[in-house]
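Novice: Sending over a structure as structure tokens; questions will come in a sec.
Computed from the coordinates by the stated procedures, all read-outs in this text should not be read as laboratory data. Only a predicted model underlies this, so the values are computations on that prediction, with no experimental measurement involved. With ideal geometry, Cβ positions are generated from the backbone for all residues, glycine too; neighbour counts draw on all protein chains shown.
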Amino acid sequence: MLAHRRHVSPLYFLLISLSVLILDQVTKHLVMSYVIPFDVIRVLPFLNIIYVTNPGGAFGLFRGLGVTFFIVVSSLAIVVMAVLFIYDKVNRLSYSLLLGGAAGNITDRISYGHVVDFLDIHVGGFHWPTFNVADSALLIGFFLLLFYVIFGGKTHRP
């Protein structure tokens, strides 16, 4: 990652987290303001904008557990990622994306009681579950971390 080449300030990575959070919340606000729920707006042959809500976890799983459960679990995950961000300097980019994404979705859960999703990617009859900017950051952060663990060696510990 970037930390291998030269020292990069932790503030740089915190700005990435903040940028993810802001972009996530701004795009969700625009969708809630200008898109009627469940209306499909075709952007590209494989991309639609559709305003849906998700009271569950990833891909709508575990809907019955309630918003309080997801707020508690998300809060704990944010604390763990923040600690890892401090101590694992090699993977700060991954943690900054994970923190920004988790912050975006927990903001929705606290504000609305659900997560706002709007990106619908499809190929033929296959539709990926609708997602948002925060979900994208979470997925990219997870795969960067996984890639490093598999191909880059063990995480750095002080």
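Novice: Pop out the ³J(HN,Hα) list for the stretch 105-117 in order, Karplus 6.51 cos²θ - 1.76 cosθ + 1.60 with θ = phi - 60°, rounded to Hz; leave Gly and Pro as x.
Specialist: 3J(HN,Hα) across the stretch 105-117, in whole Hz: 6, 5, 4, 4, 4, 6, 6, 10, x, 7, 9, 8, 10.
Novice: Then there is this: Exposure proxy check: Ser75, Ser111 ranked by fewest other beta carbons within 10 Å?
Specialist: Ser111, Ser75
Novice: Now, a different point. Which order results if Thr68, Thr27 are arranged by neighbouring Cβ count within 10 Å, fewest first?
Specialist: Numbers: Thr68 10, Thr27 18.
If I rank by nearby Cβ atoms, fewest first, I get Thr68, Thr27.
Novice: Over the chain, what is the relative contact order in percent, taking alpha-carbon pairs closer than 8 angstrom and at least six residues apart?
Specialist: 30
Novice: Take the eigenvalues of the Cα gyration tensor for the stretch 9-152, scale each by 5, and report the square roots as semi-axes in whole Å, largest first.
Specialist: The equivalent ellipsoid of the stretch 9-152 has semi-axes of 26, 18, 15 Å.
Novice: Which whole-Hz couplings ³J(HN,Hα) result when phi for each residue of the stretch 14-20 is put into the Karplus expression 6.51 cos²θ - 1.76 cosθ + 1.60, θ = phi - 60°, listed in order with x for Gly and Pro?
Specialist: These are the phi-based 3J(HN,Hα) values: 5, 5, 5, 4, 5, 5, 4 Hz.
Novice: Once phi is turned into θ = phi - 60°, what whole-Hz ³J(HN,Hα) does the Karplus curve with 6.51, -1.76 and 1.60 give for every residue of the stretch 131-144, x standing for Gly and Pro?
Specialist: 9, 9, 4, 4, 4, 4, 5, 4, 5, 5, x, 4, 5, 4
Novice: Sum -39500 (n - 2.57) across every DSSP H segment of at least 4 residues in the chain, then divide by the residue count to get the 222 nm mean residue ellipticity, nearest 500.
Specialist: The helix contribution divided over the chain gives -18500 deg cm²/dmol.
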